[in-house]
Amino acid sequence: MKYTRKDFPDDFLFGVATSSYQIEGHSFGGAGRTHWDDFSATPGNVKNAENGAIAVDHYHRYEQDLDLVAAAGLDCYRFSTSWARVMPDGKTANPEGLDFYDRLTDAMLERGIKPCATLYHWELPSALADLGGWRNRDIASWFGDYTQTLMSRIGDRMYSVAPINEPWCVAWLSHFMGYHAPGLRDIRATARAMHHVLLAHGTAIQTMRDLGMDNLGAVFNLEWATPADGSPEAQGKAALYDSIYNHWYLSGVFKGAYPANVLEELEPHMPQNWQDDFPTITTPVDWCGLNYYTRKLIGPDAGPWPALKEIEGPLPKTLMGWEIYPEGLYNFLTRTARDYTGDLPLIVTENGLASPDVIENGNVDDPQRIAYLNAHMDKVRKAIAEGVPVKGYYIWSLLDNYEWACGYEQRFGLVHVNFDTLERTPKASYHALANSLRR
Ligand code: FCB
C-alpha cells in the first residue's frame, strides 16, 4: 500500500465491512425466510439462482474470520445483524439468533476489534414482505421493535450502530428498478419505500437513544452523476439522478425536506401526511457514513419520468463494470460536509472493488484492488487536508461473498473464499494492508 497509519490522523479508524445475508449462511441457527430467498427462487433474478443459504458459513466460522480482521491490524468490524435471524417472522425473538450476535460481539471485543453494527442490510423477513414490506408504514414500528429487542441484548457493547444500509438500494433499486428483492417496478411502491425507509431509520435512532446508546449514524450509498455531454438536457438529467440517488436521503435526514425535482413527480404517490414524519426522520445522529464505488454518465431518454439513462463511460472498469472514479469520493466528502453535515464526523463505510481473483500456487495476486484502495485513500487524505472531518475508512469487504443479484461471481474480498470448500486464503491486498496497518 502507498500509505500507512502514520499518513492519517491519530484518531483515524480503519475497518472492514460485511453483511449478514452475504456471509452468514441463512439456513443455520433458526433464521427465518427472507425476501432474498424468495427473490432468488424466482427465475432470472439472480445469477444461477444462487442464494445465501450457506453463503460462506460465517455463522460457524466467525472466530476464524475475526482472527483475520485482528491480524490485519484493523480497528473496526462493520458487520450487520439479520432481522430474520433475530426475529424469523419479523416480530418474535429467536433466542438462538440473539445468542449468535452476543457471541459474535464478545468475539470481537476479545480480539480488540470495535463492533460497528448495521441493523438492516436488506434481509427482510418474508413474513413482513407479505404485509407489504417497505410499502407499509408499520414497518417503522416493526423495525423499532426489532431494534429494541436486539440492542437490549448487545447494545451495551457496540462501538457504533447505523440502522439501515443504503436507503437508495432498499427503496429505488428494489422497488423501481427491480434489481434487488422484492424486485418491484412500481413508482407508488417506490415513493412509499423512499419515505418509510427514512422513517424506520429515525425510529431506530430514537429507540437506541432511549436505551442510552451513543455513536449512532446513518449510512448512505452515493454515486456521482456526470452529464453525458454539455447539453442542458444532459445536465438536467444528471441533476435529477443526483437528487434521486443522493440528495433525497441526505436531505431527508439532515434537512427534513426532499428535493423539489423528485417530489414534483412523486408527491401523488407519497403516503398520507408524510411531512409530519420529519421530526422523527431528522433525529440527530453522531456521524454520517458514505459508501462509495463509482460514478455514472447520465443523459436523457425517451419514456416516462425520470426519462434518463446511464451511458457507458470511458474510464477503466472493475469486474462489476463500474468505472473507477476516485474523484467522486473526494467530491462527496467535501460536498456532504459543506451542504449537509458540517462538523459531524464522516466515515467512508464502504469502498472496494470486485476483481477476477484466482489462487495460483497458494497465492492470490490482486494488484487492481491495491491500486483502487490507494487511489481512494489519496482522496480521503486530500479531503482531510482541506479540513473535512473524515474519521474512518472501511473496506468492502473482508471475504468474497454472495454479491446479491450477481450471485457468487463477483469477488470483493480481501480474503479469497473457495465457495466449494469454504477455505479462506488472504489475497495480496490483505497482506499489503496488514503491513501498512499493524501497529
Ligand atoms: C454495496 C452493498 C454491499 C455490496 C457492495 C458491493 O452497495 O452495501 O452489500 O453489495 O455494494
message: It is to be established whether one or more residues within region 420-437 are farther than 18 Å from Leu68 by Cα, surrounded by fewer than 23 Cβ atoms within 10 Å (Cβ to Cβ) and not polar (S, T, N, Q).
response: yes
message: List the residue pairs whose Cβ atoms are under 8 Å apart, where the first residue sits in region 366-379 and is in contact (Cβ under 8 Å) with a residue 60 or more places away in the chain, the second is part of a loop (DSSP other than H, G, I, E, B) and among the β-branched types (Val, Ile, Thr), and the two are 6 or more positions apart or on different chains.
response: none
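Which of the residues spanning region 1-22 are outside any loop (DSSP other than H, G, I, E, B), farther than 22 Å from Pro95 by Cβ and within 16 Å of the ligand (Cβ to nearest atom)? Can you show your working first?
The initial filter retains those residues of region 1-22 that are outside any loop (DSSP other than H, G, I, E, B), namely 5-7, 13-17, 20-22.
Now narrow it down to the ones that are farther than 22 Å from Pro95 by Cβ: 5-7, 13-17, 22.
The answer is Gly15, Val16, Ala17, Gln22.
Please specify each residue of region 269-316 satisfying the condition of being of a type in the set (Lys, Arg) and open to solvent by 30 Å² or more (accessible area, probe 1.4 Å). Write out each step before concluding.
Step one: list which residues in region 269-316 are of a type in the set (Lys, Arg), which gives 295-296, 309.
Within region 269-316, Lys296, Lys309 qualify.
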- prompt: Inside region 348-364, can you point out the residues that are open to solvent by less than 10 Å² (accessible area, probe 1.4 Å), over 18 Å from Ala162 (Cβ atoms) and among the aliphatic types (A, V, I, L, M)?
  reply: Leu353, Ala354, Val364
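The values are calculated or read from the model by the stated rules, or taken from the named source; none is laboratory data. Being a predicted model, the structure only gives us computed values, none of them experimental. Don't worry about glycine lacking a Cβ; one is built from the backbone with ideal geometry, like all the others, and counts go over all protein chains shown. To get the accessible areas, we keep the full protein, side chains included, count just its heavy atoms, and leave off ligands, DNA and RNA. Shrake-Rupley method; radii C 1.70, N 1.55, O 1.52, S 1.80 Å.
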